[in-house]
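Readers should treat all values here as calculations from the given coordinates under stated rules, not as data from a laboratory. Because the structure is a prediction, the values reported are computed rather than measured. Neighbour counts run over all protein chains shown; Cβ positions are idealised from the backbone, glycine included.
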């Protein structure tokens, strides 16, 4: 008995020594590494949160609310997280799929109060599976979401490609993200923000909204900055704009493209829920099979309305360029701002990183900063260290 107790105390003591060493050495090393990653890019502010199997390994917030400002940001500060909005919204959409309220391979025109038809292929249905995997034949250069869907013809078509039928070609298009919000409003009968608050945000215990006017008074938010550090999008100005928080699938197109305000810490909670097969402490947002379906290439399913391989499953991007294997998640980019939230099932890692007011550089499909953090997270848990990229500030 005494030997067993002595062994237990020895293990506990050894664990404490390791944790102390991490706090005094490894943690500080990572903080210096994190600070340099933001500093060399002349970022105004940013944050990174790294977890493993839901346990936080590291968090670091950089900068203040504005150039020369004194109020520091935190990982609980809310940013407009750009196209990461699409991934978050996809969780709500897949809840409706689970409830049998919408069919992934059914005709979207039967769900929405307006027709979604490519006039070059009028007999081929546009489906939710295609929209969520960016294979719907909607064009990637469309920025105006006020579309007269009823009067789209071959001669008057601002939104569809005519050289590829729905389901046969991958092309990332923001308009696909706009339709996700329309589906939620049409099927649930609630506004996008109300549905997501009740079914995603509140269960996770997070503060988030698709428009800053819908956030609780006193919520800590930041402006978005250009690559040169000037204000690009002032949150106060956006909050003063009219926003219709009522279900209007045709009129509300746009918020689910990139309008979501959420903190890096909250993004970390969400991707950890996906990593954990849709479960979070105390509940479940999605069934595990649903999450695994979101990760998978949509062309691999029997009787799928998608016949072409896509880097996107259902609202989730698959990334194989970073260390440790496949990562799933989403990226957002807007002027001088980037947001990235990815998880890796093999290691249990999840990384949420935002950077505001910098000149980002792409490495394949990822911004370099995100790629560096995915690789660093892998190194944190004992993976092989990869060569360091340049610290030079890009002009």
*Stokes-Einstein D (µm²/s) once Rh is taken as the Kirkwood radius of the stretch 148-301 over alpha-carbon pairs, at 10 °C in 1.306 mPa s*: 88 µm²/s
*asked:* Given R₀ = 51 Å, what would the calculated FRET efficiency be for residue 248 paired with residue 379, taking r from the Cβ atoms and rounding to 0.05?
replied: 0.60
*Please report, to two decimal places, log10 I(q)/I(0) for the stretch 95-215 at q = 0.14, 0.15 Å⁻¹ as given by the Debye formula with identical point scatterers on the Cα atoms and no solvent.*
-0.63, -0.71
*Based on the alpha carbon coordinates of the stretch 257-339, what radius of gyration and maximum Cα-Cα distance (Dmax) apply, in Å?*
14.3, 42
*With Cα atoms, 0 to 90° folded angle of helix 368-380 axis to the chain main axis*: 40 degrees
_Can you give me the C-alpha center-to-center distance between the stretch 276-352 and the stretch 140-196, rounded to a whole angstrom?_
21 Å
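Hey, can you rank 42-48, 351-357, 59-65 by average C-beta count inside 10 Å, highest first? Please list the in-between numbers first.
On the way: 42-48: 25.9, 351-357: 29.7, 59-65: 19.7.
Ranking the peptides 42-48, 351-357, 59-65 by packing returns 351-357, 42-48, 59-65.
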*Largest first and in whole Å, give the semi-axes of the stretch 281-395's equivalent ellipsoid, each being the square root of 5 times a Cα gyration tensor eigenvalue.*
27, 18, 15
_Please compute the contact order of the chain in relative form: average sequence separation of alpha-carbon pairs under 8 Å and at least six residues apart, divided by the residue count, as a percent._
21 percent
_As a test of the formula, what do you get for the chain when each DSSP H run with n ≥ 4 contributes -39,500 (n - 2.57) and the sum is divided by the residue count, at 222 nm and rounded to the nearest 500 deg cm²/dmol?_
-9000 deg cm²/dmol
*From zero up to wherever the largest Cα-Cα distance of the stretch 70-109 sits, split into 5 Å bins and tell me the percent of pairs in each.*
6, 17, 16, 17, 13, 9, 8, 6, 4, 3, 1
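At 0.36 nm per residue, and after removing the present C-alpha to C-alpha distance, how many nm does the segment from residue 217 to residue 31 gain when stretched out fully?
Details: separation 186, 0.36 × 186 = 66.96 nm, distance 3.19 nm.
Answer, rounded to one decimal: 63.8 nm.
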*Report, to the nearest 10°, how far helix 264-275 tilts away from the longest principal axis of the Cα atoms in the chain, using its own Cα long axis and a range of 0 to 90°.*
80 degrees
*the stretch 58-113 to the stretch 210-269: how many Å between their Cα centroids?*
10 Å
*Relative to the longest principal axis of the chain, what angle (0 to 90°, nearest 10) does the C-alpha long axis of helix 27-39 take?*
40 degrees
*Please report, largest first and rounded to whole Å, the three semi-axes of the ellipsoid equivalent to the chain, where each semi-axis is the square root of five times an eigenvalue of the C-alpha gyration tensor.*
37, 25, 20
*For the chain, with a Gaussian network of springs between Cα atoms less than 10 Å apart, report the residue from 234, 99, 37 with the top mean-square fluctuation.*
99
*Inter-probe distance in nm under a simple model that places probes 7 Å from Cα toward Cβ, at residue 361 and residue 346*: 2.6 nm
*How many nm separate the modelled label positions at residue 296 and residue 39, each set 7 Å beyond the Cα in the direction of the Cβ?*
4.8 nm
*Once a ≥ b ≥ c are taken as the square roots of the eigenvalues of the Cα gyration tensor of the stretch 215-254, is the result rounded (a/c under 1.5), prolate (a/b larger than b/c) or oblate (a/b not larger than b/c)?*
oblate
*Which FRET efficiency value, to the nearest 0.05, do you get for residue 171 and residue 110 by plugging their Cβ-Cβ distance into 1/(1 + (r/R0)^6) with R0 = 22 Å?*
0.40
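Using a Förster radius of 56 Å, what is the FRET efficiency between residue 72 and residue 120 based on their Cβ-Cβ separation? Nearest 0.05, please. Don't jump to the answer; show the numbers that get you there.
Values: r = 53 Å, r/R0 = 0.95.
Calculated transfer efficiency: 0.60.
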